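The block underneath contains the structure these notes are about, expressed in structure tokens.
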Amino acid sequence: MSTKIGLISDVHATAGPVHDAFSIFQRQRVDRIFCCGDNAGYGTELVQTVDLIIRNGCETIMGNHDLWYLDTPADGKAEFVVDFLEKLPLSLQITLEGKRIYFVHASPPLSLRKGITLLDENAQILPDRKRQWTDELAGSNFDVLVVGHTHQVFAEQLGNVLVINPGSTKFNHTCAILSLPELEIQIYPLSNKKPVHVWHWRMGGNEVMT
């Protein structure tokens, strides 16, 4: 029997899509849930969003917007939100069903800004970026890499590493479920909206500015 993990990212203080994702995960009976960072930023429902993440046992890492939020003045911030964000790790590595899985917001080992951009504005694979990241990930000590940050939705085999970005629940209207050990990935739409595989196409060198 497969082990299923639910994947979300870049929830950006917007509770509705996160609630929808958790409802999907419950129906699909996932075993664990992970978020690849950026709990804060853009939206206005950080308290509600963090409460949902905590109550649903979602394992979460730090994103650049989370760090920026912590660096701003503390007036009016909910204490439990600050405490939650301050304790977030920069990465997670687990082994499930014999597969080594690494979670980081942008790219390994610990980057919050150097995002993995594989798709063009039409959601087509960019061959040069695929070659670049295949080379950069060569020799990695994990089988699966789960990232966020770039607001792109993909699951692409790069050499020996399956790289997954479940997309932003807020902007891409997506979440994902990874089945192990099969390494099968399913993308689910959220909020009764059509998935947007690429959002905010604005490159800055090797990163989409988010």
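The values are calculated or read from the model by the stated rules, or taken from the named source; none is laboratory data. Treat the numbers as computed from the prediction; the structure is a model and nothing was measured. Here the Cβ positions follow ideal geometry from the backbone for every residue, glycine too, while neighbour counts run over all protein chains shown.
The table that follows gives values for the structure above.
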quantity	calculated
Residue tally, condition under 20 Å from Val163 (Cβ atoms), out of contact with any helix residue (DSSP H, G or I) (no Cβ under 8 Å at 6 or more places or on another chain) and either without any contact (Cβ under 8 Å) to a residue 24 or more places away in the chain or among the hydroxyl-bearing types (Ser, Thr, Tyr) (or both), over region 53-101	3
Gly37 vs. criteria surrounded by 19 or more Cβ atoms within 10 Å (Cβ to Cβ) and under 16 Å from Asn172 (Cβ atoms)	yes
Condition check for Gly6: of a type in the set (Gly, Ala, Ser), within 18 Å of the chain's Cα centre (by Cα) and either surrounded by fewer than 24 Cβ atoms within 10 Å (Cβ to Cβ) or assigned to a helix (DSSP H, G or I) (or both)	no
Count of residues meeting criterion [hydrophobic (A, V, I, L, M, F, W, C), part of a strand (DSSP E or B) and under 15 Å from the mean Cα position of the chain (by Cα)] in region 158-184	7
Check on Val82, of a type in the set (Val, Ile, Thr), within 22 Å of Leu7 (Cα to Cα) and at pLDDT 95 or above	no
Candidate set: region 185-206, residues that are of a type in the set (Phe, Trp, Tyr) and modelled with pLDDT under 95; chosen: the one nearest to the chain's Cα centre (by Cα)	Trp199
Which numbered condition Asp10 fails, given (1) among the acidic types (Asp, Glu); (2) within 22 Å of Val163 (Cα to Cα); (3) at pLDDT below 95	(3)
Qualifying residue in region 126-137 (condition: within 20 Å of Thr60 (Cβ to Cβ) and not small (Gly, Ala, Ser))	no
Among residues of region 162-173, those that are free of Cβ contacts under 8 Å to residues at least 60 places away in the same chain and either of a type in the set (Ser, Thr, Tyr) or surrounded by fewer than 21 Cβ atoms within 10 Å (Cβ to Cβ) (or both), counted	1
Residue count for region 11-46, restricted to those that are assigned to a loop (DSSP other than H, G, I, E, B) and either farther than 22 Å from Trp199 by Cβ or out of contact with any His (no Cβ under 6 Å at 6 or more places or on another chain) (or both)	11
